[in-house]
Amino acid sequence: MLSLLLIVVFASRGFALDNGLALTPPMGWMHWQRFRCLIDCDAYPDECISENLFKTMADKMAEEGYLGAGYDHLIIDDCWMGEHRDAQGRLQPNSTRFPSGIKALSDYVHSKGLKFGIYSDYGTKTCAGYPGSHGHLETDAQTFADWGVDYLKLDGCYADLDDLEPGYIQMGKYLNQTGRPIVYSCSWPAYQEPKGIKPNYTALRDTCNLWRNWDDIDDTWSNVTNILKWFSENQDRIAEFSGPGHWNDPDMLIIGNFGLSYEQSKAQMALWAIMAAPLIMSVDLRTIEPKFRDILLNREVIKINQDALGIQGRLITTIKKIDVWTKPILPNEGAPSYAVGFLSNRVDGYPYRLNVTLAQLGINQAEKYKIQDVFDPMTREVSQNETIFVRVKPTGVVLLTATPILDKQK
Ligand code: GLA
């Protein structure tokens, strides 16, 4: 009787991704934001999408502290493929730009202690026009497993909107079937949400390790703030679906490129940490300026992002054009700790002084807290009703942690 019941329960649950991966938000490097579909290796030999580019980035990740800080995936985005499948119907790389083949590249990446990620598209073509996986899902899942792929970004261009959810679920089954644990990054909400279709977030949570919700990030501050706006406006609908093994994905970090100032770069890092977002860099690691590198490698911010509770932080309030976001984090010994991000939408030139109490922000489960400033080291003890003074630079951020001071005698 019990076994019958179990069969019924499992059958009714249907497919659920259970690969044990991404228990904290995935971290890594992906080429798209910085290198796009640059395939002219004659004109730009050091920048074109080729095995050389990925080998060089793998070297940098391993040698310059990125891997040590947790950025452990190197992910190829679009434009790696040849124009056609091979005689057996398998995807193949462009043979000029990837003369050694993908398996050799994957071996190289693994030899550096990194995990290897790749891109394909559920539809008939990738967004850049290369062969899509439609009609080839099982073959492609097996090809990726044979190549030692550890992470798949499956895009959703050139596909029917109605077909996306069942198709991605089917691909998840084929990935599982290979027996190789592969982080599964889905994109179907990014195609449905802008059309006003509300994706099935329960299915996403059960199918994918992460999913792109919204528009592509480009290299400007307004892109960052537009994404934050969408995430905050929709937080009550989507935040609960993020957690260990399954994450909302607001897209890549653009830190170290052309569009963000130093303060804005800290702000993107802080807010991505608070949202428990995947931390996927996309920057030229050969030329990144040290001050941007230091932001990406800031261990305290990464710790907030990688907090084991995996709670997606939320916008709590906006005071004098400063958005205040909070995220419950560990330790929680009777009362939660928090990360608190103050993001300024002000442009009036000087570091604005905001007077606020923790209790005003809903941080009132303990009487006293230890406050630490993540980017500008400072530690203070405050009671929940005491005014704290925060100075936030224009379009910049202040990131604090608040840890309860508990009276152990009680
Ligand atoms: C879509 C995705 C991007 C990138 C490109 C590649 O736009 O959202 O992240 O993968 O396709 O063509």
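Laboratory data are not the source of any read-out in this text; all were calculated from the coordinates shown. What you see is a predicted model, and the numbers here were worked out from it, not measured in a lab. Reconstructed Cβ throughout: ideal geometry from the backbone, glycine too, with neighbour counts over all protein chains shown.
Residues of segment 361-381 with backbone nitrogen within less than 19 Å of a virtual label 7 Å along the Cα-to-Cβ line of D294, please, listed as ranges. Residues passing the 19 Å test: 373-379. With the largest listed first and rounded to whole Å, the semi-axes of the equivalent ellipsoid of segment 50-117 from the Cα gyration tensor are 25, 10, 10.
Expressed as a fraction of 2.2 N^0.38 Å, the value expected for a compact globular protein of N residues, the C-alpha radius of gyration of segment 314-405 is 1.02.
On the beta carbon distance between L23 and E64, with R0 = 25 Å, the FRET formula returns roughly 0.45. Put a dot 7 Å past the Cα of D162, heading toward its Cβ, do the same for S95, and the two dots end up 4.2 nm apart. Computing FRET efficiency as 1/(1 + (r/R0)^6) for K370 and T317, where r is the C-beta to C-beta distance and R0 is 30 Å, gives about 0.85.
Can you compute the modelled spin-label distance between K125 and L309, with each label point 7 Å from Cα toward Cβ, in nm? Calculated label separation equals 4.7 nm.
For segment 15-305, lysine pairs with C-alpha atoms less than 15 angstrom apart, excluding pairs fewer than eight positions apart on the same chain, total 11.
Can you figure out the FRET efficiency of R85 with S261, using R₀ = 41 Å and their beta-carbon distance, to the nearest 0.05? Efficiency for this residue pair is about 0.40. In the calculated pair-distance distribution of the chain, the portion above 36 angstrom amounts to 27 percent of the Cα-Cα pairs. What the pair-distance distribution of segment 196-235 shows, using all Cα-Cα distances binned every 10 Å from zero, is 24, 48, 26, 2 percent.
Could you tell me how far the Cα centroid of segment 19-61 sits from the Cα centroid of segment 120-180, in Å? Centre-to-centre distance over Cα atoms comes out at 20 Å.
Database remark: amide H of T357 closer than 5 angstrom to the amide H of I388 (H placed geometrically; neighbours at sequence offset of 5 or more, or on other chains; Pro and chain starts carry no H). Per q in 0.15 Å⁻¹, report the Debye log10 I(q)/I(0) for segment 146-275, using one uniform scatterer on each alpha carbon and no solvent. Summing over Cα pairs of segment 146-275 leads to -0.76.
Given Cα pairs under 8 Å that are at least 6 residues apart, what percent is the relative contact order of the chain?
Reported as a whole number, the value is 13 percent.
Remark: the E138-N234 segment gains 31.1 nm on full extension, using 0.36 nm per residue and subtracting the alpha carbon distance. With the simple spin-label model, which puts each label point 7 Å out from Cα in the Cβ direction, the N332 to K173 separation comes to 3.5 nm.
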